[in-house]
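Have a look at the structure below, then the notes.
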Amino acid sequence: MMTNLFSIFDPSTNLMYLPLNWISTFIGLMFIPYSFWLIPNRYYFFWNFILNKLHNEFKTLLGNNSNGSTFIFISMFTFVLFNNFLGLFPYIFTSTSHLTLSLSISLPLWLSFMFYGWINNTQHMFIHMIPQGTPSILMPFMVLIETISNIIRPGTLAVRLTANMIAGHLLMTLLSSTGTNLSFYFVLFLILIQILLLILESAVAIIQSYVIAILSTLYSSEVN
């Protein structure tokens, strides 16, 4: 009996009306034990080095007076990174492969940026809709194009993350389902391809976490 290939992304465990799969979204907190915060070790220094690099980069984009704002985007990077990596493990639900989660991250952020910009920096928001040096005859079209590109931003953020997570998982599923009734050497070749693909997906998990955080930072800097 043929099954839908996308069924691997369906939540399958329920307790009453609570889908247990979505609880795995917060399982990353279990990988940070209490001793992690008290006893400095090499993992602590490595993670602290990454966070400091992100803080300095986000601070450069947001301005020197936005120290507190960087922690919002660092937290987003950490949250998406943990969920992307957890989805690579067997029998763990990949929550970032669903628009439900990715839109829940991007849409509230975009709405907050828009409300803040139009309420506090109205003139700047109007100026931003027409690039400098635009001919007068093209101004109405530029306003329309900038408006459309601004409206679709939360959708592009969500779809980019979801599509990249789905693509890698589908490819690994297709390769793993072709291993039956094949020669021994061909199976070894498929295993090698799976390992290389898993390394690629690990890189994609890091890159997509960074992309959604850095683009959100850029969108935030535009309204200030």
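The values are calculated or read from the model by the stated rules, or taken from the named source; none is laboratory data. These figures come from a predicted structure and were not determined experimentally. Cβ atoms come from the backbone with ideal geometry, glycine included; neighbour counts cover every protein chain shown. Remember, those area values only see protein heavy atoms, side chains included, never the ligands or the DNA or RNA. Shrake-Rupley method; radii C 1.70, N 1.55, O 1.52, S 1.80 Å.
Data for the structure
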{"read-out": "Residue match in segment 44-61 (condition: modelled with pLDDT under 85, of a type in the set (V, I, T) and open to solvent by less than 90 Å² (accessible area, probe 1.4 Å))", "value": "no"}
{"read-out": "I207 being open to solvent by 50 Å² or more (accessible area, probe 1.4 Å) and under 29 Å from E57 (Cβ atoms)", "value": "yes"}
{"read-out": "Filter result (in a loop (DSSP other than H, G, I, E, B), open to solvent by 20 Å² or more (accessible area, probe 1.4 Å) and among the hydroxyl-bearing types (S, T, Y)) within segment 69-100", "value": "S69, Y91"}
{"read-out": "Tally of residues being open to solvent by 50 Å² or more (accessible area, probe 1.4 Å) and assigned to a helix (DSSP H, G or I) across segment 164-192", "value": "12"}
{"read-out": "Test result for I23, outside any helix (DSSP H, G or I), modelled with pLDDT under 85 and either small (G, A, S) or under 19 Å from the mean Cα position of the chain (by Cα) (or both)", "value": "no"}
{"read-out": "Candidate set from segment 122-131 (those that are within 18 Å of Y219 (Cβ to Cβ) and part of a loop (DSSP other than H, G, I, E, B)); member that is most open to solvent (accessible area, probe 1.4 Å)", "value": "P131"}
{"read-out": "Residue match in segment 132-155 (condition: open to solvent by less than 20 Å² (accessible area, probe 1.4 Å), in contact with a helix residue (DSSP H, G or I) (Cβ under 7 Å, 6 or more places away or on another chain), modelled with pLDDT of 85 or more and not β-branched (V, I, T))", "value": "yes"}
{"read-out": "Any pair with Cβ under 6 angstrom, 6 or more apart, that starts in segment 40-53 at a residue that is more than 15 Å from I74 (Cβ to Cβ) and ends at one that is of a type outside the set (A, V, I, L, M)", "value": "none"}
{"read-out": "Any chance L218 is open to solvent by less than 70 Å² (accessible area, probe 1.4 Å), farther than 30 Å from W47 by Cβ and touching a residue at least 60 places away in the same chain (Cβ under 8 Å)", "value": "no"}
{"read-out": "Meets criteria (open to solvent by 80 Å² or more (accessible area, probe 1.4 Å) and among the charged types (D, E, K, R)) for R160", "value": "yes"}
{"read-out": "Cβ-Cβ under 9 Å pairs, at least 6 apart or on other chains, segment 106-132 side over 25 Å from R160 (Cβ atoms), far side surrounded by 13 or more Cβ atoms within 10 Å (Cβ to Cβ) and of a type in the set (D, E, K, R)", "value": "H124/E222; I130/E146"}
{"read-out": "Counted residues, segment 132-163 - those being closer than 30 Å to A205 by Cβ, in a helix (DSSP H, G or I) and aliphatic (A, V, I, L, M)", "value": "6"}
{"read-out": "Residue within segment 110-121 that is open to solvent by 50 Å² or more (accessible area, probe 1.4 Å), farther than 21 Å from N224 by Cα and among the hydrophobic types (A, V, I, L, M, F, W, C) present", "value": "no"}
